[in-house]
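Where a number appears in this text, it was derived from the coordinates with a stated rule and is not lab data. Bear in mind that the values here come from a model prediction, so they are computed numbers and not experimental data. Backbone-built Cβ (ideal geometry, glycine too); neighbour counts: all protein chains shown.
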Amino acid sequence: MNTKSCPRCEHQAVLRPRNFSDQAVASLVSWGDMDKKVVGKPICDDCHEELRDALIEHQRVAAEQEIDRTRSKNRRAS
Ligand SMILES: [Zn+2]
């Protein structure tokens, strides 16, 4: 197998290009989950999974915060 040092976790692994959207990449960089130097580079399966999980987790948290905001707005209004 053709393994290389992953630019994110530095483990020897099979690296593949990942098709995260520009928005997802920008978010991952701003959260510190992805280093700028890793952007656009192939990464290993483990890192891909971690980044995908991070995106899902942040989306879930953002959705919950949105619900909280809506709730407190309604509370203030009533
Ligand atoms: Zn990796």
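Structural remarks
- Residues in the stretch 32-78 that are part of a helix (DSSP H, G or I), free of Cβ contacts under 8 Å to residues at least 24 places away in the same chain and of a type in the set (A, V, I, L, M, F, W, C): 6 in all.
- Restricting attention to the stretch 38-55 and to residues that are surrounded by fewer than 13 Cβ atoms within 10 Å (Cβ to Cβ) and under 12 Å from the mean Cα position of the chain (by Cα), the residue that is farthest from Pro7 (Cα to Cα) turns out to be Asp53.
- Test set (1) loosely packed, with under 10 Cβ neighbours inside 10 Å; (2) within 16 Å of the ligand (Cβ to nearest atom) - Asp22 fails condition number: (2)
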